[in-house]
Structures are given as structure tokens and as C-alpha cells.
1. I need a count of the residues in region A:1-30 that are in contact (Cβ under 8 Å) with a residue 40 or more places away in the chain and in a helix (DSSP H, G or I).
2. I want to confirm something. Restricting to region B:58-82 and keeping residues that are on the phi > 0 side of the Ramachandran plot and buried (at least 21 other Cβ atoms within 10 Å of the Cβ), which single residue is farthest from the other protein chains (Cβ to nearest Cβ)?
3. Could you grab me the full set of residues in region A:7-22 that are at the interface with another protein chain (Cβ under 9 Å from one of its Cβ atoms) and buried (at least 16 other Cβ atoms within 10 Å of the Cβ)?
4. Give the residue, chosen from B:R104, B:R108, that is over 15 Å from the mean Cα position of the chain (by Cα), buried (at least 20 other Cβ atoms within 10 Å of the Cβ), at the interface with chain A (Cβ under 10 Å from one of its Cβ atoms) and closer than 21 Å to A:T312 by Cβ.
5. Just one of the numbered conditions (1) surrounded by fewer than 18 Cβ atoms within 10 Å (Cβ to Cβ); (2) within 14 Å of chain A (Cβ to nearest Cβ); (3) more than 17 Å from B:D193 (Cβ to Cβ); (4) not hydrophobic (A, V, I, L, M, F, W, C) is not true of B:T85; which one?
6. Within region B:186-204, take every residue that is surrounded by fewer than 23 Cβ atoms within 10 Å (Cβ to Cβ) and of a type in the set (V, I, T) and give me the one that is nearest to the other protein chains (Cβ to nearest Cβ).
7. What single numbered condition from (1) more than 9 Å from chain A (Cβ to nearest Cβ); (2) free of Cβ contacts under 8 Å to residues at least 24 places away in the same chain; (3) within 22 Å of the chain's Cα centre (by Cα); (4) surrounded by fewer than 19 Cβ atoms within 10 Å (Cβ to Cβ) fails to hold for B:V96?
8. Looking at (1) surrounded by fewer than 20 Cβ atoms within 10 Å (Cβ to Cβ); (2) over 26 Å from B:I29 (Cα atoms); (3) of a type outside the set (A, V, I, L, M), find the lone condition where B:Q174 falls short.
Amino acid sequence: MNPLIIVRIAIRALVRNKMRAALTMLGIIIGVASVIAMVSIGQGAQASVQAQIESMGTNLLFVRAGAQNLGGVRSGTGDTGTNTLTIEDLEAIRREIPSVAMVTPSINTRSQLVVGNLNWNGSLQGVSEEFPGIRKWSIQSGEFFTAADVRIAARVIVLGATIAENLFPGTDPVGQTVRVQNLPFRVSGVLAGKGEDPQGRDQDDIAFAPYTTVQKKVLGSTRVQIGFVSAISPAATYTAQAQVTELLRQRHQLGPNEPNDFTVRNMTDIAEAANETNSIMTLLLGSIAGVSLLVGGIGIMNIMLVSVTERTREIGIRMAIGARSSAVKTQFLIESIVLSLTGGFIGIMLGIVASLLIPMMLGWPTLVSTAAIIGSVIFSAAVGIFFGYYPAQKAASLDPIDALRYE
Amino acid sequence: MSATLTVDQQELHPNMPVFVPQREARPVIELDHIHKVYTMGDVEVHALRGISLTIREGEFIAIMGASGSGKSTMMNIVGCLDRPTRGTYILDGDNVSELSKDARADIRCQKIGFVFQGFNLLSRTSALENVELPMLYAGLDTAERHRRAGEALASVGLEGREDSHPNQLSGGQQQRVAIARSLVNDPALILADEPTGNLDSRTAIEVMEIFQRLNRERGITLILVTHEPDIAQYAKRVVIFKDGKIKKDYAIDDPRDAAEELRLLPPVEEEDDDD
């Protein structure tokens, strides 16, 4: 018998009872919609982290003083391990490694910045003139300090947007003076705002001065905590990382069995770690929503079972009139597949709408995932088959004589 | 007991000329020593104890008997809803006594039309779609289904009610839809199980009129199960069951004529066309 005719019979049977069909689909609709919404929240978070990381530059390397992850043994205060990185190391990297384009040390401190009767406690970083190029900062007004400023340890400062707004409300800070630890610094420029990082920290609450100035005039220390190195291209990142490691081992005169007393990491690795965290998050959200999809499937089975009992007489009529049991079984199976697939499609629509509304209402980034959509369609069809099979089997096994007598 | 009594009724009813079963008419149903035993727990129930019966093409036969007489079991077997425990059943030339469930479903689809006491129409489904149902299972195409269903509805006087749902139809009209449904696949026989049981007496006569007309004009073989003796009087032959056996099998020389009776009944205002 033509399967298309059974599809038709099944659809007619569903249309005869629209209310029941709609209620049955509800579970699947909610399940699929929540899977899609949850996964798109997860993917959205992932994409925004990815974008942040890419905005820092995928060809970025971090060179950090001290060994990594040695159970805290080497990272105690006053330990020689944290003083292992020197300006000379960074200069050597800049000079000797061809795959390296730019280098800057980064010397971090917090400092009170004072302008007249206004003051602000912000992060002050000592960097080289190459810093904006490496970390992809752009200048909004004025200019970044120069190599000459670094060489002579000039008292110049470049302000992040947040600090500029707080210390110079309504006026242009460029050319004005900011006092840092009672030393006057000339503001040479203001940076363009970067907004919050993925952890919600304000990236603009920062000020930059030449590292020489910070070392000599603010901190009085030659310590370098971290150096940023920019490879000539994203593809050269790993080569650069290997060469930097090799060079630093030579310079630090480490024997073949001695561990590194510094750490070189690249942005790609960090991006991967961040991605992994977000994938776990997405998986978690998705599987919670998946449970509701499963519950929706059980709902379909429930209604189909009730429906088989309720429609016993109808089944009897169909069989008496000449429907084979296989036709009845196929009909019920198709009914549940149609229910779950239709529910699935409505769920996809709702899920997409939700994914579009969430950024507007909650401010979370979302990214509708094709994989989640395809997965939901397959899953809802599977739910229809899996949970429809038993009721269909039950309908097909009815005896027409008993079924016709059923009241 | 199993004698076949097909009486030439031409002399008795000169006004009924169209179809008269001949003595030599082809047998549609041949039952030979049919037994049916149900096992309920440890108890064996002999529902049928060796039934032999031949029904020829164009017959209109009423089957009577008290409940428990075996007539329902007999109808289930004749309708290929059930199989005999022993004995042979030849329907329209084919031995159907040992067919599988699916093969019997196909036989029911092609050769048997059912009319039930409770009408058994699909609810929330138009009269036309109800009538189309057996043709869906027979695999006919849409155009053919529409044409035949329309014709069948017209032949039972329901032209214009194609789109009505069962709950918009009176009992008599619903039973007529059911009769139309039983006709559409051109079955070898129509089995009517207490078709007037849920109807008032006037509507019952109307339904019997349709049966008599189908039998007379189209030569359709009809088996009518009833426990009402006066309904049985519309048939041309009566078989009475008792205790799983045929107790009586006789021809009715002068069956009631439903069309004539309807003419003589006082006309009633059409009760069923204003819903």
C-alpha cells in the first residue's frame, strides 16, 4: 500500500483533533526552543570571547618572569624566579629574533592620579612606544609617547577613556598635567575606549607611561613582570614562541635538565583554553534543555498511548474496513513523527526568535547555531519514532473484533 | 439442514423484475462444517458446532438467533474478522479459512462491506471522507475515490450532504453513509450487523428500503444479522441459529416490501435537513 496515502490518513487524523495535537506538540516545542536558545547563548558567549581575543591579536606572545604552575614553590615573594626577566632579555628578543616584530615590557602598578582637587586610583602600566601596535589600542586624541620619551624616561602619560572622563570631566586632557606620586606628568594622549572584557572588567580604567619612567620614578625597581611580543604574522607565532624560549634559555644559561625560569605563552593557546570553558558551558546549558526535550518526547508517548485507547473503536473500524495492522501501525507512527517534527519546527522558530530577543532584553550576546538546529530536527524525528513506536505497536496489535466492541 | 433454498420469486412478485437470483446462481459463500472453539482459561467454549451453509450471489439473507447462539461468531468468520477452528470457508471462490491476518484484511477491503449497529463512522470526518476510507486502503487514486464516493452517497439519497460530519447527521443518515461506505469497493457481499438496532421504526424501514433496492437493482448479496423478527421479514431467506448450530433455514415467499410500506406511511415533515 502506498505510504503517501498513510501519511495522508495520519495527517487527516491529526487535523481531526487539533487541540490535542497542539498540546502534544507543546513539550517538543518548548524543548527544541530552549535547546536552541541555550546553545545560542553559549555560542554567543564563545564568539564574544573569541572576538575579544582576536582583537588583542592572535600573533601575540606573553613572556612572563618565573616558571609556570610549579605548585607555588617558585612563585613566593622575593623569590629570584620572579626577577628572571629583564629589559635586556626583551631587547635581545627584539634584536635577535627575525620572526618577532614588536616587543614591550609591561610593568604594572596601581597609583593615585591627581588633577587639582580630583583624584583617581587606577592601573598604571609602564610600556614601550610599541605597546599600542602590539595590543591593538588606538589613540582618540593627542598621541602615544615616543621612543625618545622612553629613552629619557620622560614624565608623559597616556590616559584610558575611563580615567580621562573622571579626571578631566568635560575638558580635553591632552597637554594638561596629572600628578602621580606628587610628580607632574604631561598628558600626551587619550586612548579610544575598549569597553569591558569578557570577565566584566573595565579595560579603560588604565593609564600608560614609558616603562623607564615607571621603573625609575614611580616604582624604583627594575623588575619586569611581563613582556608582550608580537610575531610578524599569526602563522609565525609558534616559531617565534620556540625561538624566544630558546633565546631566553641561552641568556639565562640554563642547562639541558633545568626547567625554564620564565613562561612563554601565545594567545592561541589562551583562546583555546577560553573556548574550552565556553564549550563546557554550552554543553551544560544544552543538555539541561535537552532534558526538557526528552520530557517532551515522553509527553508525546503519553498522549499517543491515551489516544490509542481513546481511538480503539476508530482502529477497529479501520481494520474491519480493510486496513492491515501494518497500515494502522504506520499511521500511528507517522502521527507521532508529524507531531514531533512539526513541534520541532515551531520550536526552532521560537528558539531563533528567543535568540534574537535575548540580546535586546538581557544584553547577552547570542549566536544561533546551525548545528543546534539540525540536531534538534534529527532529535525530534528520533523522539517521534522512539516514543511513537510503542503506542503504534499497541494500536496495530488490537483485534478488530474487540476493538469494534470497545465502548 | 444446510439446504439452499433459492426460490424463484418472479411469479410471486411480478412488480420486482430487475434481479432475481437463479437456482444456478454462483455461490458467494460456502461454509463447510465450520467449528469455532474459544479457550477461556481451562474452559473450552464451542461457539460453532459444525455449520454448513451456502449463500449464492444476489441473495438477501437474515440471520437470527438469541445472544449466545453463535450468530456473532458466525458473522465474524464470514466477515473474515476471525478464523474458524475447523472447517472450510470459501468466499467468492477462494478458500479463506486459513489466511493470515494481513491477507484477511485485504479480503475485507476488497470483498466485504460492513454495516454496523452503531454506524461506526469516523467522527469529525466528512461523509465523503468516511465513504472514501475503504478506497484509501484499497489504494485508489484521488479522482477515482471522489467520483465513487459521490456516486455511493447519491445512491443512498445523500446528495449534497458530502461535507456534513456525522454529528450533523441524523441516525438514519449516518447509517446511510455507512451503507455507502460498505458499497464503494464493489464487495462480493455486504454484512449488516443489526443495522436498524439504533434506529426508530420509520428510519429502520428507510434503511431496509435501501438494502432491498441494492439487492434488487444491483444484485448485491446481503447478509443481515438481526434479532427482530419483523426486520428479518424484509429478507428473502432466514437462517436461525441456536446453540452453535443452524436450527432453521427457510425461504420467505412473500418478503415485506419496504418501499411499499414507506408509501403507505403517513408523510412526516422532513426532520433531518435543518441542522
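1. Going through region A:1-30 one residue at a time, the tally reaches 18.
2. Only one residue fits best here, namely B:G58.
3. Correct list: A:I9, A:R12, A:A13, A:R16, A:N17.
4. Just one listed residue meets the conditions, B:R104.
5. Single failed check for B:T85: (2).
6. Among residues in region B:186-204 that are surrounded by fewer than 23 Cβ atoms within 10 Å (Cβ to Cβ) and of a type in the set (V, I, T), the one nearest to the other protein chains (Cβ to nearest Cβ) is B:I190.
7. Single failed check for B:V96: (4).
8. Only one criterion is unmet by B:Q174, namely (1).
The values are calculated or read from the model by the stated rules, or taken from the named source; none is laboratory data. Quick caveat, the model's predicted, so the values are computed rather than measured. Ideal geometry is used to build each Cβ from the backbone, glycine not excepted, and the neighbour counts take in all protein chains shown.
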